Amino acid sequence: MANKGKRKPMADINVVPYIDVMLVLLVVFMVTAPLLMQGVRVDLPQAPSTPMENKDDEPLIVSVKTDGTYYLNLGVEQQQAKPLTQITETIAKVLRQKPNTPVLVWGDTRVEYGVVVSLMTDLQKAGATSVGLVTDPPVE
C-alpha cells in the first residue's frame, strides 16, 4: 500500500514542443527566403528565356545601373559602386577557387549596349567561361 503515492519515472521524450518550434522556423524561413535575393535594384529588360540549369553554385552577379556604375553581389559592400577592375579581380579570384561558378549580368534596360558588351568581355577575360544575362519574364 505504500507504493500508491510514488510514481514511476517516465522515460519518453515529449516531442510536441520540438515539432511546434520546427513549424515556426519553417514559416520564418519560407517568409525570409524570397528576401535573400540581394543586389542593386535595376530595371531588367523583359525577354522570354529559360531558367539556368546549374543550381549547385551561387552565381556571381554583376549589376550595371543606368549611370554606368558597377556592383558585385559578393562581400559586405554590395550596395557600393566598385570600379570594373576591382570587380574583375574579385571574380578572377573566385573562379580560380570554383571554376564552375556562374557569372550573371544584371543590366538596366536603359544601359547602352556597348557598356554591357564591354562588361561581358572583361568578365570573360577574368576567367568566366560563359556570362549570362538576367531578364524578367514578359508580362502578359
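The values are calculated or read from the model by the stated rules, or taken from the named source; none is laboratory data. Since this is a predicted model, take the numbers as computed values, not measurements. Positions of Cβ are backbone-derived with ideal geometry, glycine not excepted, and every protein chain shown enters the neighbour counts.
Worth a mention:
- For the criterion of being modelled with pLDDT under 85 and of a type in the set (A, V, I, L, M), L74 passes.
- Pairing residues of region 117-140 that are over 20 Å from L95 (Cβ atoms) with residues that are small (G, A, S) and modelled with pLDDT under 90, at Cβ distances under 6 Å and at least 6 apart in sequence or on separate chains, gives T135/A47; T135/S49.
- Screening P99 against (1) surrounded by 11 or more Cβ atoms within 10 Å (Cβ to Cβ); (2) modelled with pLDDT under 85 leaves a single unmet condition, (2).
- Restricting attention to region 7-56, the residues being within 30 Å of V111 (Cβ to Cβ) and modelled with pLDDT of 70 or more number 1.
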